[in-house]
Amino acid sequence: ADDPVAGARSTEEVIGRRGIRHFNLFNGNGARQIAHWHNQLQAVAADTRLAIPVTVSTDPRHSVRSTPATGMTITALSRWPETTGIAAIGDPEWARIFGDAIRQELRAMGIRVYLGPMADIFSDPRWSRGYGTFGEDPDLVTRMTAAFITGLHGGSTVGIDSVAAMVKHFPGAGPQLRGRDAHDPRYREQVYPGGQQELHLRPFDAAFAAGAGQVMTYYGMPVGTDWEEVGFAFNRPVVRDLLRGRYHFDGIVCTDWNVVDGTMLDGSPFGPNGWGMEDATPSERMARALQAGVDQFGGDDCVDVLTELVDSGCVPVERIDDSARRLLREKFRMGLFENRYVDVDRAEEIVGSDEVRSRGEQAQRRSLVPLARDEHRAAGIDRPVLTSSTKLYVEGVDAAGIADLVEVVSDPDAADVALVRLSAPFDPPSTPLEEWFHSGTLAFGAGEIDRLRALAERLPVIVAVYLERPAILADLLPFAAVLIGEFGTSDRVLVRALLDGDELTGMLPFDIPASMA
């Protein structure tokens, strides 16, 4: 964590000689460690000619589950359900509380830009990134997005106590062709069945009204529309005409990662992700993005390409001045010039405090969705009651982590009830990225269903399914005495909710398909 570009150039070279002032934090565990690293970056920047402070950003990092490419968890942070779980609570106030907790913890460590929220609509249940959205309902997504941004900013505008929202992925990344994600060069196309571009723009309307001053475009290349068939970072009708023109957006526009040049990600090549401009040079891709209205290039650090464009006259200095003004204005709004350092001791007190951890666990509990409750009642299936003396057999659960709550047994025949945790199905990964971005089938395999059937013949089974995507659940219904949808919940929170015996109150943030057809 001492090097902002892991495995690459030194901090002094990147900040001092290359002039880069924006970094995305991928790793780090402790609040003290990250705050100290942040202060070291600021000290290096303070010794340069203009002393422009560094802005550190991060992907979402608060989930119970970890996805290294878009949100590896930081050990010290409070734990919350995925964004779909906040949507399952159904109350925008919880989106604001979630944003406020993120603001407090990230701000304490010096992280001032949150690469989110995802204002995308989860319109295709196969999409691998839908778990990061507020779900499928455009109205709910719109309300939740605005409330979250208010919490993240700590009010209606960005100020010295804010973490700035970089709302993404403009103009809506949900409608990927066949639900395949555009991180992968095999799946570039973004489609709008029924010509529904305006539907996907609605949450961005709310985000701008809530004060979002930063936007990230997506990789997707729209097809079958009146927009250019190139990735959105290069798409002049989308960035220049729609975002800058119709919305009069004068904030920061950042590309998604590595659209200009490539890099290595977890030992494998990643990028350049310039869909529709694969045959162009890095210089041509950067020039096209600048012409469209982009200010910042996520992941790319090819400063030499930019300086050559300016020196050759291909890009006017005035165009660079426009972007510099926007980027510097945001730093001034956040008070980075006057208060560039953070209090390392204070960071350790705030991050992972009892208060924010308690709120995160409340959100996990409130997001649990009871499924098939009416069907089970009609069939006369009783909900098994858990008590501290219940003999519980578990699968997909850390038995040691709940041993103080119930009596855990290793043999189903010695148990009163079984608790089985499953995850939404997906196709076997064929690339490193697919290890992290699950796509393809939503149907459980015959082996999984047979295993559940055999267990249900021996004792009542409580089934909790992690709905990273909307799994097809019909085949599980006959064998689950209780069926729960969850969006990132710890074993302890889940078992405590079952011990409470209270009704679960979460609501699905998306429809569950009846079949893959």
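The values are calculated or read from the model by the stated rules, or taken from the named source; none is laboratory data. All values derive from a computational prediction rather than experimental measurement. Note that each Cβ is placed from the backbone with ideal geometry, even for glycine, and that neighbours are counted across all protein chains shown. When the accessible area is computed, the model is the full protein with side chains, heavy atoms only, and any ligands, DNA or RNA have been set aside. Shrake-Rupley method; radii C 1.70, N 1.55, O 1.52, S 1.80 Å.
Below is a table of values for the structure above.
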| item | result |
| --- | --- |
| Net charge of Cβ neighbours under 14 Å - reference Thr431; Lys, Arg +1; Asp, Glu -1 | -4 |
| Rg/Rh for region 380-517, where both radii come from Cα atoms and Rh is the Kirkwood radius | 0.97 |
| Ranked by how many other beta carbons lie within 10 Å on average, peptides 325-335, 101-111 from highest | 101-111, 325-335 |
| Accessible area of region 71-126 divided out per residue, in Å², using a probe of 1.4 angstrom | 21 Å² |
| Region 255-327 - percent of accessible surface contributed by carbon and sulfur, probe 1.4 Å | 52 percent |
| Once the Cα gyration tensor of region 417-459 is diagonalised, semi-axes √(5λ) in Å | 27, 11, 7 |
| Over region 33-148, volume per residue of the alpha carbon convex hull, in Å³ | 114 Å³ |
| Most to least packed among 446-456, 505-515, 477-487, 112-122 [average Cβ atoms within 10 Å] | 112-122, 477-487, 505-515, 446-456 |
| Highest to lowest packing among 48-54, 83-89, scored as the average C-beta count within 10 Å | 83-89, 48-54 |
| Shape category assigned to region 254-326 from the gyration tensor of Cα positions, a/c cut at 1.5 | prolate |
| Measure of compaction for region 338-457 (Cα Rg per 2.2 N^0.38 Å) | 1.52 |
| Share of carbon and sulfur in the accessible heavy-atom surface of region 36-171 [1.4 Å probe, %] | 51 percent |
| For the chain, share of DSSP beta bridges that run antiparallel, in % to the nearest 5 | 15 percent |
| Amide H partners (placed H, <5 Å) of Glu407, local residues excluded | Thr390, Leu392 |
| Under 5 Å, built H, 5+ apart or other chain: amide partners of Leu419 | Tyr393, Val394, Glu395, Ile462 |
| In order through region 353-369: 3J(HN,Hα) via Karplus (6.51 cos²θ - 1.76 cosθ + 1.60), integer Hz, x for Gly, Pro | 5, 4, 5, 6, 5, 4, 5, x, 5, 4, 5, 4, 5, 5, 7, 5, 10 |
| Heavy-atom accessible area per residue - region 263-323, 1.4 Å, Å² | 49 Å² |
| Bins of 10 Å, starting at 0 and running to the largest distance - Cα pair percent for region 147-295 | 12, 40, 34, 14, 1 |
| Mean separation of Cα contacts under 8 Å, 6 or more apart, over the residue count of the chain: relative contact order % | 16 percent |
| Per residue solvent-accessible surface (Å²) - region 359-517, probe of 1.4 Å | 44 Å² |
| Rg(Cα)/(2.2 N^0.38 Å) for the chain, N = residue count | 1.00 |
| From phi via Karplus (6.51, -1.76, 1.60), per-residue ³J(HN,Hα) for region 100-112 in Hz, x at Gly/Pro | 5, 5, 4, 4, 4, 6, 5, 4, 4, 8, x, 7, 10 |
| Region 304-321 - phi-based ³J(HN,Hα) in whole Hz, Karplus 6.51/-1.76/1.60, Gly and Pro as x | 4, 5, 5, 5, 5, 4, 6, 4, 7, x, 5, 10, x, 4, 4, 5, 5, 4 |
| Amide hydrogen neighbours beyond the local backbone of Phe122, cut-off 5 Å, H modeled | Gly135, Glu136 |
